[in-house]
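First the structure, in the form of structure tokens, and then the observations on it.
The values are calculated or read from the model by the stated rules, or taken from the named source; none is laboratory data. These figures come from a predicted structure and were not determined experimentally. Using ideal geometry, Cβ is built from the backbone for each residue, glycine included, and neighbour counts are taken over all protein chains shown. Accessible surface areas use protein heavy atoms only, side chains included; no ligands, DNA or RNA. Shrake-Rupley method; radii C 1.70, N 1.55, O 1.52, S 1.80 Å.
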Amino acid sequence: MRLIVDLEWTLIDCSDDPRLTSSGVLYAICHPITDEILYIGKADRQTVIQRFRCASKDALCDHIVGLFGTDQVRLRVAEFDTDARLTSELISDVESLLIHRLRPTGNVQSTCTRIERLGLHVRCQGDWPEQRVHFVDRAEPRARSSIWIRSRAEPKSAGRRSGHGKPPPDRRA
């Protein structure tokens, strides 16, 4: 089933922007000069400003200062436009898809593995700083696993049985 989610991204340029008190949205912390997305988060049960200022973001701020030598960032907020019911699960699925595909330097979760919502199509619009704007959740190819039937050091006849549990015939004659 195809589920289309449009995200309308807006750059927050003042501290009294009403979007800072929004919940049920995504937000992106971006580099102040390059506009590179450094972190993608969700404001689900809290507002954007509460998530942005919470103690759990202290390590992220230290990371950004350590990498880039600045404590200034640009903040973007994305509002959802979809025919589906906006649930915490949908917000999390969209957030994890973007993190998984873009791999922002400040995100740890969802960069390697994540729960997939097959058929999810996310389109980023508005003030979105990336070239890529369309993200589709598809099953990714899994690595093929191989098993050895016998070890390489083991002779070909070792472990094989012929007949009804009888050992293989002795061929040394």
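Applying Stokes-Einstein at 37 °C and 0.692 mPa s to the Kirkwood radius of segment 1-58, computed over alpha-carbon pairs, gives a translational diffusion coefficient of 260 µm² s⁻¹. The equivalent ellipsoid that matches the C-alpha gyration tensor of segment 1-129 spans semi-axes of 23, 17, 13 angstrom, in descending order.
Residues within the reach of a label modelled at THR82 (point 7 angstrom out along Cα to beta-carbon, backbone nitrogen below 13 Å), restricted to segment 114-139, are 116-124, 135-137. When only alpha carbons are used to place a centre, segment 76-91 and segment 1-73 end up 16 Å from one another. Count the net charge of all other residues whose Cβ sits under 13 Å from the Cβ of VAL133, scoring Lys and Arg as +1 and Asp and Glu as -1. Charge balance near VAL133 sits at -1. Computed over segment 70-138, the Cα gyration tensor eigenvalues convert (square root of 5λ each) into semi-axes of 20, 16, 12 Å, ordered from largest to smallest.
Ranked by solvent-accessible area (1.4 Å probe, protein heavy atoms only, all chains present), the residues PHE80, PHE52 order from largest to smallest as PHE52, PHE80.
Of the peptides 58-68, 92-102, 1-11, the ranking by mean beta-carbon count within 10 Å, highest at the top, reads 92-102, 1-11, 58-68. Put a dot 7 Å past the Cα of GLU130, heading toward its Cβ, do the same for LEU118, and the two dots end up 2.3 nm apart.
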